Amino acid sequence: MSATTSKHAGDARLEGPNKRQHLDISLDDGVGTATAHSLPTANQSITPHGYHLPVHGKFDRQKLHNKLTGGQFENEASTFEKELVSMSKKESEASFQSDRQRWDRPAVVGYDPATYDVDFQQLDAEETLINDEAAVRFFGVTEEGYSVLCNVVGFRHYFYVPVPKGLTQDDLDDFHKYLRTNYQGVQGLEIALKESIWGYNNNTKLPFLKVVVDGIKHIGKVRSAFERGEIEYKGLFPPTGSMTFDNIQFLLRMMVDCRITGMGWLRAPAGTYTPVPPEEVVSTCQLEFTIHYKDLVSHASEGKYLNMAPLRILSFDIECAGRKGIFPEAEHDPVIQIANVVAKAGDPVPFVRNVFTVKSCAPIVGSETFSYESEEEMLLKWKEFIVKVDPDVIIGYNIANFDFPYLINRARALGVHDFPYFARLKNSKQEIKETFFSSRAYGSRENKVVNIEGRMQLDLLQFIQREYKLRSYTLNAVSAHFLNEQKEDVQHSIITDLQNGNQETRRRLAVYCLKDAYLPLRLAEKLMCLVNYTEMARVTGVPFSFLLSRGQQIKVISQLFRKCLDLDIVIPNIKSEGVNEEYEGATVIEPVRGYYDVPIATLDFASLYPSIMMAHNLCYTTLLNKQTVERLGLKQDEDYIVTPNGDMFVHPHLRKGILPTILQELLAARKKAKQDLKKETDPFKKQVLNGRQLALKISANSVYGFTGATIGKLPCLAISSSVTAFGRVMIEQTKAEVQRHYSIENGYEYDAQVIYGDTDSVMVKFGHSDMETCMRLGEEAAAYVSTKFKHPIKLEFEKVYFPYLLINKKRYAGLFWTNPHKFDKMDTKGIETVRRDNCRLVQNVITRVLELILEERDVEAAEQFVKKTIADLLQNRVDLSQLVISKALSRQDYAAKQPHVELAERMRKRDAGSAPTLGDRVAYVIIKTAGDKNYEKSEDPLYVLENSLPIDTKYYLENQLANPLTRIFEPILGERRTKELLHGSHTRTVAVSAAKTGGLMKFARKSNTCKNCKSPIPEGKALCRNCQGMAGELYGRELAKMNNLETKFSRLWTECQRCQGSLHQEVLCSNKDCPIFYMRKKCQKDVLNQAEELKKWDAAAW
Amino acid sequence: MTSDRILRHESAVPDQFNRSDAYRLPPGTRTYANQFNKIYSQRVKKLKSRCLKRANAKWKRETINNTSVVYVNKILDIKNMTPCYTIGTVFMDMKYKPNILEEVSHNMYGANDVQESAELSKLDQLRASAYSDPQNDQVMLEDESGRMILDGEILDKILLVTGAVIGVLGMEVEAGIFVVVDVVYPEPGPQVPRPMRPEGNKVLLLSGLHINNQSSLGPLEVLKEYLMGELDSSPETVEFLRSITQVIVAGNSIRCVESADQVVLEKDKYRELNKSNYDADAIKQLDAYICELLHSVPVTIMPGDSDPCEVSLPKQPLHPSFFAKAGSYANFARSTNPTWLEIDGVRMLGTSGENINDMFKYFIPNIQVDLNGEGSGMDSPVRNEIVNESRLKLLEATMHWQNVVPTAPDTLTCYPYDVDDPFTLDETPHVYFVGNQPKFETAEMTLHCARDAPIHVRIVAVPDFCETGQMAVLDLDSLQCEAIKIAV
C-alpha cells in the first residue's frame, strides 16, 4: 500500500553481516537477480513472469549481417502472407489465454460419502461449539483443489490432579456428582497412573484424577477451583490448593491426542463422515462434513503427504486517497483502489490479476480492471471477489496492521454493513482485535488481528521482521534486498491528484498498486515463506497461524506434550512468576586483538546446547534434589552427575530424559532430511526437505531457550544454567587441550594459540602460514578434542579465516575458507556498518575497506581509499544519499529532543502538506548551523539540495566514520597512523557550499571572483589577469566537470524512465530508499550551476 | 611555410540560413528543469501525423485473416486479436545497457572510471559498451498511454533502436504482445530545391585526425601537402584540387592520451578528478595545422567525442580560444554537432558519428554474451568481424526515422529540451554524412512519400582518418562521393 510504505518501517535494528557481494539466500531460483530495475514489460505491466515473452534465438552473425546490409528499408511487406499464417496459428493458442480470468474453484466431482475418502491438507483450525458441545473445525484443501470444512466432534477436554490420599475408586461416582453439582461442564472422572515431568522419582507412576470437562468455557473454572483449594470433598483436598497438570488449549490438546500436526494431511474415510445438510451449512467450503475424532486419520508428513495441496494464494494491496499532510484515516479518507493477484502454490504465474477501482480506469494489459462509481460498490464487489476466488492464504505487505483494518473501518464508516464477511464462515463478521505480542526472541509489538476463518494470513512484513534483520523494512528496501529490484514509489500526496485526474492517471496508479500487490507474492516465493513455515508447523505440530502470532515457546510445548502423551507423563501447570531471574550465559575467551596474516582455524561445537543436554541427560525428568538422592541412596557419578552449576541429574540408565529424547529425534530427523535432500531431484520436494531440516534445527535449538524462559510455561533454570555452565567449561577445556597438545614441546613446529572463542567456537592460530596444513591440523584437533568429551558432543572443524581481523569481542572480519583453493566469502561480525542511524557512507566505506584489506590484502590501498573518501566528504563530493540518516517518527513524546522529531516539526511549519506524519520514516542529513545541538542541525535532504545548505562534514567524519574506522585500522596500523588517517593532510581542503537562505545570506552580496585564485574581478570575467595564462587548462577542467555532470544527469534520469517503464510520462517516483533518488536531484542542480559557470568562459578569451 | 600553388574555386556559402542555428544552445538558455519525457513527446508530436500519412496510404485497405485493419490511436486501446495499426516510439529493453542504478547500488559508480577508459582503445571501448544480448532483448512500442512488446519475424530483418517513431501493422495475440507484420516510417520532410548551375565544386569530408603530441603527424602532413598541390602537379590533379572548395572536419580532431589531469599530482591528489579531453599541446598543433590549411581552403570544424567540448548533444562549437591563429581567418568556421551546412545550394546534415556509433551498440552482442560457443572474450574473431560491419544501413535508418539521434537521451547524453526535439527532421538534407566510421561507405538512398515523388539523399560514412588514412570527397553537382587514401 503506497500510502503507507513508509509505515512499514520497523524499529532501528542491526543488520546481519555485510551482504554486498556475498548475498546468499539459499536455493536461489534466479528470480529477480538479473537487473536492478524491474523489467518493464508490456504496458508497464506488473509481471515479467505473467507473459510468454517472445523468444529470440541466440546471436547469429549471418542474421546481423543481413540486417545491416539487407534491403529491409524498402518498405515492401514481402513476408506478409507467411506472417498471416503463423499469426492464425498463434491465435488459436491464444484464444483461451485471452478469456476472462477464471476465479472459482474446480467443480466437485465424485463426492459420495459412502465411497469417497476425503484426503485433505489441514490449513487452519479453530475451536468451536457444535450443538453446544466443544468441537474443532479444520479448514483444508484436497489434492483436487476442493475446499473442505471438517467438523470434528466428540473430543472432550481434560486435565489431571493427583489423587489425594484417601480418595479411592469407590469415591469416584460420588465425587463426580459433587463436581457436577458445583461446577458446570464436568463430564467424567477417571483414575490413571501417570508421572509428573518434574524431577526424578524413581520411575514410579502415581494415580492421577483425569477430570474431563466440556470444552473451552468451563475447564478454567474447574481447574482453578482445584488450584485454589475450593474443592471441599470429604476434606480430602488440601485447602491450600492442589497442583493441576496438563494445561493446554483445547485445540492443541485435540491435535496432540489425535496426532494431528499443523499443515498435515488428514483423511476422513468413506462411510465415517456425514455431510452437513445444505440448510445447515455454515461455510462457503465445497465439502462440509462432520466426523467423530476417533474416525479421523492423520497421515504422517512423508511420501506423498509431503506435498502441498494446490493452495490459492491471494496477495493484495489497497490505495487510499489521503488529505495533504495527514496519514490516511479510515473515517475520512476513501479507499480508491484494491489490486489483487492470485496464484496457486508452486506456480509462479498468478492466474488472477486485477484491480478494483473507484471511477474509471484505462485498461492494463494482462490484468482486468473493474471500475465502480462509488467506493461502497467497489468494496462490496471486492468482497464478492474474495468469496468467489476463495483464497486459502492471504498475503500482502503490512496487511495485518494496515490494509485489513483500514478496509473494515472504512466499510463501517461508510455504513457498508455487508462488507466484513469474507471469511470461509458465512456468518462470521470480520473484526479487528488489538493484540500485544511480547517475546524474548522477537521483542514487543502491538498488532492488529482480523479474524478470517478458514483463510491463512501471512503478512510478509511480519514474516520478514521475524526472520531477517534488515536496515529498513519498507517494501522498497525489502524488494531491493531480496529481489534486487528498485521499485517506483509514489508519494502519497500525489495519489489523490492521480485519482482526481482522468482514467489514464488512475491507470497509472493502478499499475503501482498492482506492482505492490505482486511483489509480496514474489517475495513469498523467493523466501519460501510458505514452504518453510509449513515444515515448521509439521515438525512442531502447531497450527500454521501460531507461527506468526505466537512465540517460540508454544512450539516446544506442543512437542513436549506429544512426547509426554506416549510416556504417560503429565506436565504441571506452573504459574508464571514473572521474575526475571538472570543466569550466567555463554562465555567469551578474551580476544587477542590484532590483524592475523596467517590462517586461523575455527573449531565449532556442532549443536552445542542440544548435545550438552543429550550427553548429560539434562531434563525435567532427570532432575534430582538432595532429598531424592538421600531417599534413593544414589551415588554421585555412578547414578547421577553434578553439573558445573551444582545441579544434579540422574544418568540415563536410571531414566532417560524426555528432552534428550526429543532432541535426539529432532537431530536424527534432521540428518535424515539432509540425506534425503541430497538424493532428491524434484525441486519442489527439495525446497520442502530444506525447509524441514531448517525447522528441525531451529526446533532443536529452541528447547534450551524454553527451559531458560523465566516467564514461561515450564522454566527450569537448573537445566538452562547447567547447559551454559557446561558450555563455558568446555570452551575453556578446548582451549587448554589445543594449546597443550599442539605445542613445540609435543613436537609441533609452533605453539598453537587460541586467540578467541565465543559460545560454541574457538579460533586457533596454529602458526603455519599455508592453508592445507592449517586445515589438516584443524581436522585433527577437532577429532582429538572431541575424544575428551562425552558423546554426542562433537567438535567440528568448519572453516579457516585468512586473513583475520579481530577487533574485539564479537567484532571481527575475515575471509572464510572451507577449501584450500578459494575463499567462500567475506564474513564479518558486529562491525556496526548496518545500524540505521549510520549513514550509507559508513557502510560503503567499511565494506570497501574490508575488501581491500582482506580480499586484496592491500592495506595501503585501503588507507588511500579512506583518505580519498574523507577528502571527498570534506570537499563536498559525496552523494547526499550516502549521508542520509533515517528514523521512524513513532511517538511525539520523546523525553529528549530528537533530530528527526524536531525536523518533522520544522517541516510541518514549512509545508504541512509534504511533512512526514506519524509512522513515516524521516530522512535527514546533518547540516552546519549556528547551533551546535544535533537536533537543531537535522535537515530534510531535499531542502538541503534546493537551498544548497552546507553539510556538516565534520559531524560525519567524527561521529559517523571515525569510530568504526579507528576500530578497524588500529589493530593494523597502530594508534598513531590511524590518527593520521583521520586527521592527515587530506583533511586540509574543505569546500562548503554557500547557503542561499538564512542567516547572513540576506545581506551578503555575491561578487565575482577569479576561478583560480578567488581574487575579486569584474563581473562577466572568468579569470584575473595573473591567472590568464592558465585559462586553457582551467577551462578544460571546468569542461571535464561539466561532462561528468551531464553524463550523470542523463544516465540518472533515463534510468528512472526505464524503471518506471515509460518514456513519455514524467517520472513521479519518490522512493527515498532508492540509491539514486537524491543523486538525480543533486545532479540537476549541479549541472545547472556548472552550465552557469561555463557561460562565463564563453566570453572569455586567452 | 607552404606556398599555395592552387588557385582555388569558391563555393557559395551563405552566412545564415534557416537551419544554421538549429543545434545551437546559446549560453544562459539552459535550465535543466525538465525530465526527458518532453523530448519524446515532442518527437511523437512531430512525427505521428507524418507516420500516419504513410500508414494510411499503405494499409488503409489491408486485411488480415479476412478482417479489415483499423487504425488505433492509442496503444492502450488495442483490442486482443483485432488486426490494426498504430504509431509509437520504439523502446529497446536490453540487459546490457549501462545501468547507473546498479553501479550506484554496488558502489561502483565512478570508481575507476578515469583510469580505465583511458587505457581502453577505441574499438575496445566500443565493444565493451555494446548493449545487445539477442536472446533476451525485447522490442517495445510505446506512446503516452502505454507500452507493448513487439514480436514477429519482421523484427529479424529491420533495424530498430530506442527513440525511433514508427507505425506497425499487426495484431495483439496475447496480452501485451503485438505481432508485427509490416512497418512504416514517417513521411520525410521536404527537400529544398537545389539550384541547377554546375560549378564543379567539391567538399572534402574528414574525421578522426586524433592529433596529440605523441602521434606522428606524418599522414596529416602528407594530406596537407597533397591538398596544397605540392605532391602532384599533374594538370588533372591540380584541376581536381582546385575544385575542392571546402574542408569539413567532422569531429575527433584531438585525442587526449594522458592529460595533466590524469597524472595524480602528489601535492594535489585529493582534488576532484574528471576525465578531461583538454590537452594544450594538442590544441596548439591542431590550431597550427588548420591555420595552414586555411591559407588555401576554407575549413569548418565540428566537435566530436574525443574533443574538448561538452559531451552532451548537440555539441556546441569548440571554444574560440583554442584557435588563436586560425580564429583570425574569415574562411574558418566552428560549427555544432550535429550541424546543417549549405554549400552551393546543397543542404548537408552532418554528425561526428556519436549517433551511429551508439546505435551500433544496439546490435552487437555485449562482451558477456556467448557467441555460439565461440567464447565471449574480447578477441573472439566473430566480434572483430562484427565491429567492422557496414554502418550504411544505420545511416539510412536515421533518415527513414527522420531523426538523426534517436538514441538520445536513452543511451546518449543530450540536453533535456523542453519544447523541441531538434534531432527530429523537418527538412530532408541532400547530403547526410557521419564522421568517425570504421570504413568509407556511401550510397544514394530513396525515401518514399505517401503521395509525392520519392526523395533522394546521398549518405556518406566518413572514415576515421587516423585509423584508415582515408577521407571522402563529395561532388556538389552530381552528389557522387569517393574516397581518397593517404598512404605514407
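Candidates in region A:701-724 are the residues that are in contact with a Ser or Thr (Cβ under 6 Å, 6 or more places away or on another chain) and part of a helix (DSSP H, G or I); of these, the one that is surrounded by the fewest Cβ atoms within 10 Å (Cβ to Cβ) is A:708. In region B:16-32, the condition of being surrounded by fewer than 22 Cβ atoms within 10 Å (Cβ to Cβ), of a type in the set (D, E, K, R) and within 11 Å of chain A (Cβ to nearest Cβ) is met by at least one residue.
Within region A:710-741, being at pLDDT below 90 and among the charged types (D, E, K, R) holds for one residue alone: A:713. Of all the listed residues (A:769, A:786), the sole one being farther than 30 Å from residue A:961 by Cα, of a type in the set (Ser, Thr, Tyr) and at pLDDT below 90 is A:769.
Let's see how each residue does on (1) in a strand (DSSP E or B); (2) within 29 Å of residue B:102 (Cα to Cα):
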{"site": "A:386", "(1), (2)": "no, no"}
{"site": "A:394", "(1), (2)": "yes, no"}
{"site": "A:402", "(1), (2)": "no, no"}
{"site": "A:408", "(1), (2)": "no, no"}
{"site": "A:429", "(1), (2)": "no, no"}
{"site": "A:448", "(1), (2)": "yes, no"}
{"site": "A:464", "(1), (2)": "no, yes"}
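Here's the yes/no breakdown for (1) touching a Phe, Trp or Tyr at 6+ places or on another chain (Cβ under 9 Å); (2) part of a loop (DSSP other than H, G, I, E, B); (3) not acidic (Asp, Glu):
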{"position": "B:150", "(1), (2), (3)": "yes, no, yes"}
{"position": "B:160", "(1), (2), (3)": "yes, yes, yes"}
{"position": "B:169", "(1), (2), (3)": "yes, no, yes"}
{"position": "B:182", "(1), (2), (3)": "yes, no, no"}
{"position": "B:189", "(1), (2), (3)": "no, yes, yes"}
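Residue count for region A:1058-1098 under the criterion of being under 17 Å from residue B:308 (Cα atoms) and facing another protein chain (nearest Cβ under 8 Å): the result is 5.
Of everything in region A:381-406 that is of a type in the set (A, V, I, L, M, F, W, C) and in contact with a Leu (Cβ under 7 Å, 6 or more places away or on another chain), the residue that is surrounded by the fewest Cβ atoms within 10 Å (Cβ to Cβ) is A:389.
Within region B:161-172, being modelled with pLDDT of 90 or more and farther than 16 Å from residue B:143 by Cα holds for no residue.
Among the residues making up region A:143-172, a single one is without any contact (Cβ under 8 Å) to a residue 40 or more places away in the chain, farther than 25 Å from residue A:240 by Cβ and in contact with a strand residue (DSSP E or B) (Cβ under 8 Å, 6 or more places away or on another chain): A:169.
The sole residue among A:574, A:569, A:495 that is in contact with a Pro (Cβ under 8 Å, 6 or more places away or on another chain) and either more than 19 Å from residue A:317 (Cα to Cα) or among the aliphatic types (A, V, I, L, M) (or both) is A:574.
Residue count for region A:1011-1056, restricted to those that are over 56 Å from the mean Cα position of the chain (by Cα) and hydroxyl-bearing (Ser, Thr, Tyr): 1.
Here's the yes/no breakdown for (1) among the aliphatic types (A, V, I, L, M); (2) within 30 Å of residue A:654 (Cα to Cα); (3) exposed (fewer than 15 other Cβ atoms within 10 Å of the Cβ):
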residue	(1), (2), (3)
A:176	no, no, no
A:201	no, yes, no
A:210	no, yes, no
A:216	yes, no, no
A:226	no, no, no
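The single condition from (1) modelled with pLDDT under 85; (2) more than 8 Å from every other protein chain (Cβ to nearest Cβ) that residue A:1032 fails is (2). Note on region B:206-231: among residues that are surrounded by fewer than 16 Cβ atoms within 10 Å (Cβ to Cβ) and in contact with a helix residue (DSSP H, G or I) (Cβ under 7 Å, 6 or more places away or on another chain), the one that is modelled with the highest pLDDT is B:231. For region A:253-274, the condition of being in contact with a helix residue (DSSP H, G or I) (Cβ under 9 Å, 6 or more places away or on another chain), modelled with pLDDT under 90 and surrounded by fewer than 18 Cβ atoms within 10 Å (Cβ to Cβ) holds for none of the residues.
Quick check on residue B:240: is it among the aromatic types (Phe, Trp, Tyr) and touching an Asp or Glu at 6+ places or on another chain (Cβ under 8 Å)? So residue B:240 does not fit the description; no. Given the structure, is residue B:99 at the interface with another protein chain (Cβ under 7 Å from one of its Cβ atoms), under 16 Å from residue A:1051 (Cα atoms) and modelled with pLDDT of 75 or more? Taking the combined requirement at face value, the residue satisfies it. Checked against the criteria, residue A:557 counts as in contact with a Lys or Arg (Cβ under 7 Å, 6 or more places away or on another chain), within 27 Å of residue A:727 (Cα to Cα) and at pLDDT 90 or above.
Considering region B:131-143, and only residues there that are assigned to a loop (DSSP other than H, G, I, E, B) and buried (at least 23 other Cβ atoms within 10 Å of the Cβ), the residue that is farthest from the other protein chains (Cβ to nearest Cβ) turns out to be B:131.
When region B:283-309 is filtered for residues that are at the interface with chain A (Cβ under 10 Å from one of its Cβ atoms), crowded, with 21+ Cβ neighbours inside 10 Å and either free of Cβ contacts under 8 Å to residues at least 24 places away in the same chain or part of a helix (DSSP H, G or I) (or both), only B:283 remains.
The values are calculated or read from the model by the stated rules, or taken from the named source; none is laboratory data. None of the values given here were measured: they were computed from a predicted structure. No Cβ is skipped: glycine too gets one built from the backbone with ideal geometry, and neighbour counts run over all protein chains shown.
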